[in-house]
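*Asks:* Pasting in a structure now, in structure tokens, and then I'll have a few things to ask.
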Amino acid sequence: MLGYIRFADALSAWFGKAFAWLILLMAVGTGYEVFVRYVLNNPTVWALDVSFIMYGTLFMMGGAYTLSRGGHVRGDFLYRLWQPKNQAKVDLVLYILFFFPGVTALIFAGWKYAARSISYTEVSVNSPAGIPIYQFKTVIVAAGILLFIQGIAQVMRCILAIRNNEWLEADEDVFETEDLLMREADKAEGDAHP
């Protein structure tokens, strides 16, 4: 189980970080649009659609990574007070009853939606530029598959938590700036006072 969990976490992290670069492209595209619209008085016909497509792709492809890090929103005002094994039991039931049926529906509906879109090379109806969006529809399927793979890892985490009464955390790979600064300050203080 540990091997699969590490594999799923690494896969989700790779896709999440790879698609996170879309933030820079969105910033450049939006900056360009603002410049040509307000400085040159010559707005583009494609910027709005492209920013929607990139944001949607980023959001969808970051879902599995967020799941692996426990970053999705949850109403845990009672849940956080429970022992890990009780949390895991509830999570396991919820994964089986809601998560996997929902993600499976996302994959199959997304597949049909994407296939139809690809068959007639769908373009955005909101843009005079006719931005192609059929490739974006395939992101729905890819994101669903990644969520399904990560969901299996989360179920395995639940099983381990039920056995050990302790959650197996994902490897930390991203740190808040404040945490890094505090670590550096603690290290500098430790080096100054041997």
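The values are calculated or read from the model by the stated rules, or taken from the named source; none is laboratory data. Just so it is clear, the model here is predicted, and its values are computed rather than measured. So basically every Cβ, Gly included, is an ideal-geometry build from the backbone, and we count neighbours across all protein chains shown.
*Asks:* Is it the case that some residue within the range 49-58 is among the polar types (S, T, N, Q), at negative phi and at pLDDT 90 or above?
*Replies:* Step one: of the range 49-58, the residues among the polar types (S, T, N, Q) are 51, 57.
Filter once more, so that each one left must be at negative phi: 51, 57.
From what is left, the residues that are at pLDDT 90 or above are 57.
For the range 49-58, residues among the polar types (S, T, N, Q), at negative phi and at pLDDT 90 or above: present.
*Asks:* Quick one: in the range 12-50, of everything that is in contact (Cβ under 8 Å) with a residue 12 or more places away in the chain and among the aromatic types (Phe, Trp, Tyr), which residue is nearest to ILE133 (Cα to Cα)?
*Replies:* Checking each candidate, the answer is TRP46.
*Asks:* While we're here: Could you list, ordered by first residue, the pairs with Cβ atoms under 7 Å in which the first is in the range 78-107 and over 15 Å from GLY151 (Cα atoms) and the second is not in a helix (DSSP H, G or I), at least 6 apart or interchain?
*Replies:* GLN83/ASN165; PRO84/ASN165; PRO84/GLU166; PRO84/TRP167; LYS85/ASN165
*Asks:* Here's another thing I want to ask about it. Quick test for you: out of VAL45, VAL73, VAL103, VAL139, pick the one residue that is part of a loop (DSSP other than H, G, I, E, B) and within 23 Å of the chain's Cα centre (by Cα).
*Replies:* On the way: VAL45 fails: within 23 Å of the chain's Cα centre (by Cα); VAL103 fails: part of a loop (DSSP other than H, G, I, E, B); VAL139 fails: part of a loop (DSSP other than H, G, I, E, B).
Of VAL45, VAL73, VAL103, VAL139, the one residue that is part of a loop (DSSP other than H, G, I, E, B) and within 23 Å of the chain's Cα centre (by Cα) is VAL73.
*Asks:* Evaluate the following for LEU97: is it modelled with pLDDT of 90 or more, within 24 Å of the chain's Cα centre (by Cα) and loosely packed, with under 12 Cβ neighbours inside 10 Å? Don't jump to the end; show me each part of the working.
*Replies:* On the way: modelled with pLDDT of 90 or more: yes; within 24 Å of the chain's Cα centre (by Cα): yes; loosely packed, with under 12 Cβ neighbours inside 10 Å: yes.
Yes, satisfied.
*Asks:* Looking at the range 170-193, is at least one residue out of contact with any Phe, Trp or Tyr (no Cβ under 7 Å at 6 or more places or on another chain), free of Cβ contacts under 8 Å to residues at least 12 places away in the same chain and hydroxyl-bearing (Ser, Thr, Tyr)?
*Replies:* Yes, the range 170-193 has at least one match.
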